[in-house]
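Shown next, in structure tokens, is the structure this report addresses.
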Amino acid sequence: MARCRVAILISGRGSNMVSLIEAARAPDFPAEIALVLSNRPDAAGLERAKAAGIATCVIDHKAHSTREDFEQAMDAALAEHAIAFICLAGFMRVLTDGFVERWAGRMVNVHPSLLPLFRGTQTHRRALEEGVLVHGCTVHFVVPELDAGPIIAQAAVPVVPGDTEERLAARVIVQEHKLYPQALRMICDGTARLENGRVAFSRGWDASGALRSPG
Ligand code: GAR
């Protein structure tokens, strides 16, 4: 099996990165994590990637005067490592349309909400403010519009009385760590495909269950 060469782009602690690295250790996983790239030299995830034996690279956005220069440096590093697919995992730089279009259909992101609700930042705080009873996370293809790309997978969690942002975030991140590897597997083994701007699935679903909160 030819495994898809994946780069994970991070800016911080890299807990989703770790979940992808661990999943990709399985011999039947259809992707290999070939590079971890950070825009921040102090991202804690870099050490965690090195400890896992993954090649790392820092492209510091502050060392580049324009977004295009920064992204050209990223493209050069991605080409050097023969990367075919990008996973954004807590990568906190807005990408230009040019970069997103170059990687169209080959770049995915994990977002801490049930999109299209709560695009952008501070998703848990906003979910609590709105009083939603179900929250969650989404893995989606990246398109130029922020957090708006075709949805590959979602996981829902209940919002419970007395929740704080921290408690809700802790409940959601557990699901992110399960969902992201599943979504990457489905994309790389062809179970989920991008077709006319939507994700098409080649396996059937059991539609009898309901996610209900309160249960
Ligand atoms: C994750 O919750 C991820 O969904 C979020 O940042 C966190 C990164 O954590 N991403 C975004 O908000 C992107 N819009 P991690 O570094 O531990 O994976």
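What the table shows:
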| quantity | calculated |
| --- | --- |
| Dipole axis of the chain (+1 Lys, Arg; -1 Asp, Glu on Cβ), positive-most option in Ala153, Pro112, Ala76 | Ala153 |
| Phi to ³J(HN,Hα) by Karplus 6.51 cos²θ - 1.76 cosθ + 1.60 over the range 35-43, Hz, x for Gly, Pro | 7, 10, 10, 10, 8, 10, x, 9, 4 |
| Hz values of 3J(HN,Hα) by residue in the range 184-194 - Karplus curve (6.51, -1.76, 1.60), Gly and Pro given as x | 5, 4, 5, 6, 6, 9, x, 5, 10, 10, 7 |
| Amide proton proximity set for Gly136, modelled H, under 5 Å, gap of 5+ | Leu114, Val157 |
| The range 70-215 - Rg over Rh from alpha carbon coordinates, Kirkwood radius | 0.99 |
| Gain on full stretching of the segment that runs from Ser65 to Asp97 - 0.36 nm per residue minus C-alpha separation | 9.8 nm |
| Relative contact order [Cα under 8 Å, 6+ residues apart], the range 65-215, whole percent | 18 |
| For the range 94-110, Karplus couplings with θ = phi - 60° (6.51, -1.76, 1.60), whole Hz, Gly/Pro x | 6, 9, 6, 4, x, 5, 4, 5, 4, 9, 4, x, 10, 9, 10, 9, 10 |
| Prolate/oblate/rounded call for the range 1-109, Cα gyration tensor, a/c under 1.5 rounded | oblate |
| Three semi-axes of the equivalent ellipsoid, the range 21-69, Cα gyration tensor, whole Å, largest first | 26, 13, 6 |
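Each reported figure results from applying straightforward, stated rules to the coordinates on display, with no laboratory input. The model shown is predicted, which means the values in this text are computed figures rather than measured ones. For neighbour counting, all protein chains shown are included, and Cβ atoms are generated from backbone atoms with ideal geometry for every residue, glycine included.
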